[in-house]
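Presented below is the structure to which this report refers.
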């Protein structure tokens, strides 16, 4: 595979975390065309679930799954075979799911009480295998099954059970002195819990536990404990009960030693220690917390009489609903009250915030919780995870209803979460995602890559809760096949101004929702009006309004809601967008929707079977289910219950005239369809500037400010208070004068009497474009825009553009055209003197459009073709038609033309694409479409994960797109270099010996490593001209050797290139350093000797090169600080050193 690696396919689902989980984006009711159902996808063994007697299988549904009724699982070893069906899966959640369907809890009814639709029947695509033999290899096949018992082709994997744990590696806490004499509180009679405090004894068992060992809390006993700390590579097996002590002095708080630390949480009951004694972060791996027992935080008192308003959910423990006002009674004799009283008595201003979480885990790779475990009664949150990856909740019961703030799991600044076969009955959100707040929070990596399925959700505030901390973005979540009964909100997004970020690329599907009654009680709610704690330093507030976009809700039934059926609350400068509802059905007892600031969204087959009163009205009178405010481009398709709202024609326009220093007249075409009663004019900040009736299509704005840009949107309104955005016009008022008569700018020029007119839709108008320098963003009106169909053109004003370029302190002067209007193609017209000014000042002109930006220098263009200036065109050609690759951007068609046609490039230009949706940015590259071969070909690029972009050097203009590619090999599963091999293979830098075998331990030849380096540097092969006696034309490596020799990457041994010799570590280092110098312009330092213990074994010619590479961290020694310069390098080591080049040069 050469530099011109061709793409033949693209996977239509999103890769989601530790086991290459996929997130299909298909329609649930798609047609099937084969005689049998489609096969399942990505059959895997759930990470962390393997024991000596079993493991959990999980798989994804195929794209077309509407005809699948079950899955058949066949398990065999050398003498044994057993068949199971996924519908028979026995988990902690299955009994509650069965009750839900057996009792028709989620069925939809009409206003007369007649059943009109059964609750959506979820699909089980997981299976818990038990009763297997230790240390035995099993073959597993899974097949889809349809209603006629037809089966798909099987998907097969193999998996071994673990060996039995030696008895000496199982540390019973009683063996280290723990006493199981605890007694639970009797809240009815006011008797507190009691028992021996076992903190030291249990911690001793943990410290004594060897790698791979088990700490056992035996069944039938209650062990009282204070905070304990877990470590890597251990299992905490809770078969009895761990009961938190109610003594607040056992839970350290930062305030205890630093009175300035007000309102901090006290130590959790179970945690990992974040830092060592020197303040260094401690990294953890492979922690398991399992068992058939209970971890009880002892936070609140139980209720004396259970709430039975939601069927099934009264089978769980219930706790009193507390807050800071009633905590003296709701947490009497429990930890929450004792901690509150301790810090209240010390005069802290927020003693209520000092309550402890039940469990907190930081910096863990591989956390597994469940296998029948119950976690209950936290003082604050239940499970809090941050800065971690690969977290699994499997067969966990989180029973915390109605503990105040009793979230199930808080997943913050982490990636890779699977929640399956579990039960949540909580006092707050069930699965909550957190991505930080403000400008500082935006610097963190996004939170997400989650898969939540086959669960039962009872009482709680939100099943999938995104926020309220959203700064670094919450993304890539698939929630499917869940039963939701009593939770307030199914899909919940919450943020507020100042937080920044938001949530994107979310799919919530194939689920049944019933009794949406708790708290807010809206099945689907997205809001940036949530009230939470913003950064206390206002300079840390994020300037961009948080948004929720690219969200799909499909194949769901809802049998009623306490409040709005759907509630979206965007903002004037933060519209929610690209929201799709498909096949969503609401039964009677549902209130009208309430949707603010939504655009470019579709509602397909969204049906209301009952009347929908206005929740904010009398709550009884039926009204149309749809209520929109300040929204635009909303599509209603299929059998959707039709709205009665104003509708604007696609060719509507608005114009402005009579512009003075304090007034202007706006005129618009009428809203000709739908029901409307009038119009209102809305400013950019959402302020309503004027209202008229339906017969009037002009309005005189007064009281405006001189020399100020205004963007006015005309909205159509109706008698139900729906307001739908129509055409937009932008203008600038005149400068004030003593006579007050100076005209305003509407078409890029200033009129003498304010009579010039312009249009933001189909003629011309001035545009406010931003330029960026190191002092911030400066706004200037710099040109005229025209629109012709889907093409929007900005003609830069030469004088103003030149001033901006000359005065900018930044080398790159950015002209942002994202705001000039919506169109498939955007063009910027740049005159010759603007280009000359750019060259004279040593500045690059950057044109930033919606999906791409391009950086131009005058000398990058053929001078003979730019005498009359240039037109820079960036065209959006939509999604690429490819397979096996995840498309992260639309196809961008970039051209630069002059008066005589397209301009040739004298040197490459820098182009940047958005890749914010990448699952693993390291595996992202840019490709261009070759029209001759009809193939996409690899280009490469430099990824900036913090900004979610990739930048590459375009040597010619073409169609470009960014793809994420995930490539692995069967023989690297347990190899130390697995991650770097996969990254480099995904970037087409290294290749396998076959499509499935990499052979990581095979020595690498000089020719193979040379080819890898060429692909790293994106240097094209050249026709071999016969320099070397041991290289012949036609050898697979001949052209690569030629290119590397000419580029100075390799040197000859006399007249021999020795292509088939195994490369030594010192030779590989020398070639790698030449590549590093080309990537970074690094100049080799004169260091001399290395610090390796075998320094004298390094060849004289290589010693200084190796010393430089070691200083840069590109190479490291083997054990005992040995470099082994004459040792042959393996293919795994070659991948590692190339990955280091990418990393150290900032290219990954």
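Every number in this text was worked out from the coordinates using simple rules, so none of it is lab data. Quick caveat: nothing in here was measured; it's all calculated off a predicted structure. Using ideal geometry, Cβ is built from the backbone for each residue, glycine included, and neighbour counts are taken over all protein chains shown.
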Q: Calculate the spin-label point distance for residue 164 paired with residue 970, positioning each point 7 Å from the Cα along the beta-carbon direction, and give it in nanometres.
A: 3.3
Q) Shape of the range 91-217 from its Cα gyration tensor (a ≥ b ≥ c, root eigenvalues): rounded if a/c is under 1.5, otherwise prolate when a/b > b/c, or oblate? A) oblate
Q) Label residue 77 and residue 308 with points 7 Å out from Cα along Cα→Cβ: what is the distance between them in nm? A) 4.8
Q: Take the alpha-carbon centre of the range 196-215, take the same for the range 919-980, and report the distance between them in whole Å.
A: 47
Q: Output the relative contact order of the range 38-155, whole-number percent, from Cα pairs under 8 angstrom with separation of 6+ residues.
A: 38
Q) Going by a ≥ b ≥ c, the root eigenvalues of the Cα gyration tensor, does the range 819-942 fall in the rounded group (a/c under 1.5), the prolate group (a/b larger than b/c) or the oblate group? A) prolate
Q: Give me the number: length gained by fully extending residue 85 to residue 934, i.e. 0.36 nm times residue separation minus the C-alpha to C-alpha distance, one decimal in nm.
A: 301.2 nm
Q: Determine, from the Cβ-Cβ distance of residue 884 and residue 189 and an R0 of 51 Å, the FRET efficiency 1/(1 + (r/R0)^6), rounded to the nearest 0.05.
A: 0.20
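Hey, what number do you get for the chain at 222 nm if only DSSP H runs of n ≥ 4 count, each worth -39500 (n - 2.57), divided across all residues, to the nearest 500?
Values: 13 runs with 130 residues, N = 1148.
So the calculated ellipticity at 222 nm is -3500 deg cm²/dmol.
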Q.
If you average the C-alpha positions of the range 1021-1055 and of the range 630-671 separately, how far apart do those two centres end up, in angstrom?
A. 66
**Q.** Among beta bridges that DSSP assigns inside the chain, antiparallel share in %, nearest 5
**A.** 50
Q. When ranked by the protection proxy of mean other Cβ atoms within 10 Å per residue, highest first, what sequence do the peptides 544-551, 487-494, 508-515, 685-692 form?
A. 487-494, 508-515, 544-551, 685-692
Q.
Taking a cut-off of 19 Å, what percent of all Cα-Cα pairs in the range 1032-1113 are separated by more than that?
A. 43
Q) Counting alpha carbon pairs within less than 8 Å and at least 6 residues apart, what relative contact order, in whole percent, applies to the chain? A) 6
Q. What is the gain in length, in nm to one decimal, between residue 711 and residue 1124 on full extension, counting 0.36 nm per residue of separation less the C-alpha to C-alpha distance?
A. 141.9 nm
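Rounded, prolate or oblate for the range 957-1058? Axes are the square roots of the Cα gyration tensor eigenvalues, ordered a ≥ b ≥ c, and the cut-off for rounded is a/c under 1.5.
Oblate, because a/c is 1.5 or more while a/b does not exceed b/c.
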Q) residue 639 to residue 979: extension gain in nm, 0.36 nm per residue of separation minus the Cα-Cα distance? A) 117.7 nm
Q: Diagonalise the Cα gyration tensor of the range 325-396 and give the resulting equivalent ellipsoid semi-axes, square root of 5 times each eigenvalue, largest first, whole Å.
A: 30, 16, 7
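Taking the mean number of other Cβ atoms within 10 Å as a proxy for protection, how do you rank 315-324, 265-274, 634-643 from highest to lowest? All intermediate terms of the calculation are to be shown ahead of the outcome.
Details: 315-324: 18.5, 265-274: 21.2, 634-643: 15.2.
The peptides rank, most packed first, as 265-274, 315-324, 634-643.
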(Q) Let me check against my output: what whole-number percent is the relative contact order of the range 970-1144, with C-alpha pairs under 8 Å and at least 6 apart? (A) 26
Q. Which FRET efficiency, nearest 0.05, do residue 819 and residue 788 yield, Cβ-Cβ r, R0 22 Å?
A. 0.75
Q: Sticking with the crude label model, points 7 Å out along Cα→Cβ, report the distance from residue 121 to residue 1082 in nm, one decimal please.
A: 6.2
Q) For residue 696 and residue 99, what does the FRET efficiency come to when R0 = 51 Å and r is the distance between their Cβ atoms, rounded to the nearest 0.05? A) 0.30
Q: Please sort 715-722, 434-441 by packing, taking for each peptide the average over its residues of neighbouring beta carbons within 10 angstrom, highest first.
A: 434-441, 715-722
**Q.** Whole-angstrom gap from the range 334-354 to the range 802-881, using each part's C-alpha centre
**A.** 59
